[in-house]
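Colleague: Once you've had a glance at the structure underneath, I'll fire off some questions.
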Amino acid sequence: MIPRKSKRKNRTRIEIAYRVLEVCKKAKGTHKIMSGARLSHDLFKNYIRLLESAGLLKRVQGGRWSLYRTTEEGENFLMAFREVGRLESKCRELEESLNRTFSISVPQRSDVT
């Protein structure tokens, strides 16, 4: 039996961190973060610890449970991440345009001496 390839792309660590911060723009509890960012409980604990230690996320008291909220520094990270994505997309578009231009209009020289 041949294994089928999944069409779903694995997320990078930075993409997961981005998603957690995006979910926590308004204070959220554990379950909402896990479902919003599609994380197991073990991954949730690791990312929360990492993002808190980096100052991108903070724990706030919400009654009986702890809630997590993206900090101002976390908001800056989200904006920078979006900008990098926008620039990356522009670079890909430029590269595709250059590839089309040069593959069509640049003649091969056969009379090189």
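The values are calculated or read from the model by the stated rules, or taken from the named source; none is laboratory data. Fair warning: this is a prediction, and the values are worked out from it, not measured in the lab. No Cβ is skipped: glycine too gets one built from the backbone with ideal geometry, and neighbour counts run over all protein chains shown.
Colleague: Among the candidates R69, R86, R82, single out the residue that is part of a strand (DSSP E or B) and either at pLDDT 85 or above or out of contact with any Asp or Glu (no Cβ under 8 Å at 6 or more places or on another chain) (or both).
Modeller: R69
Colleague: While we're on this one: Give the residues of segment 8-28 that are of a type in the set (S, T, Y) and more than 17 Å from E52 (Cβ to Cβ), sorted by residue number.
Modeller: T12
Colleague: With in a loop (DSSP other than H, G, I, E, B), among the basic types (K, R) and modelled with pLDDT of 95 or more as the only criterion, which of K7, K25, K45 stands out?
Modeller: Going through K7, K25, K45 in turn, just one is in a loop (DSSP other than H, G, I, E, B), among the basic types (K, R) and modelled with pLDDT of 95 or more: K25.
Colleague: Test Y47 against the stated conditions and say whether it is surrounded by 12 or more Cβ atoms within 10 Å (Cβ to Cβ), of a type in the set (S, T, Y) and over 17 Å from R11 (Cβ atoms).
Modeller: It is false that Y47 is surrounded by 12 or more Cβ atoms within 10 Å (Cβ to Cβ), of a type in the set (S, T, Y) and over 17 Å from R11 (Cβ atoms).
Colleague: Determine the pairs where a residue that is free of Cβ contacts under 8 Å to residues at least 40 places away in the same chain, located within segment 24-43, has a partner that is hydrophobic (A, V, I, L, M, F, W, C) and outside any helix (DSSP H, G or I) with Cβ atoms under 6 Å apart, the partner being 6 or more residues away or on another chain.
Modeller: Qualifying pairs under 6 Å: G29/W65; G29/L67.
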